[in-house]
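Written below as structure tokens is the structure these notes are about.
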Amino acid sequence: MKRPPPPLHIEVDHDRCVGSGLCLTFAPGVFAHNARRQAEVIDSEGDKLEDILVAAENCPTAAISVMDAATGEPYEV
């Protein structure tokens, strides 16, 4: 039986986010633009872990951090 992934803690550094929207393309269930057209986390369980990591990896300013919510350990992107 396959175990579900651990709960995630996802952060967007608004000092770095330029609002490119790539994260919304790869993980639209997790990210949305706020009023300043910067990414916001709307649901940390809104997409598969793989899609979330691809979104973080493709962020042009590396503004997205993905961590295990229980341990605080970062996921490598």
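Miscellaneous remarks
- Accessible surface of the chain [probe 1.4 Å, protein heavy atoms]: carbon and sulfur percent: 51
- Helix-derived mean residue ellipticity, 222 nm - over the chain, DSSP H n ≥ 4, -39500 (n - 2.57), to 500: -4500 deg cm²/dmol
- Whole-number D in µm² s⁻¹ for the chain, Kirkwood Cα-pair radius fed into Stokes-Einstein, 10 °C, 1.306 mPa s: 128
- Cα centre as origin, Lys/Arg/Asp/Glu Cβ charges: the chain dipole, Debye: 180
- Heavy-atom accessible area per residue - the chain, 1.4 Å, Å²: 65
The values are calculated or read from the model by the stated rules, or taken from the named source; none is laboratory data. Predicted model, so just to flag it, every value in this text is computed and none were measured. All Cβ positions, even for glycine, are placed from backbone atoms using ideal geometry, and neighbour counts span all protein chains on display. We work out accessible area using only protein heavy atoms, side chains counted, and drop any ligands, DNA or RNA first. Shrake-Rupley method; radii C 1.70, N 1.55, O 1.52, S 1.80 Å.
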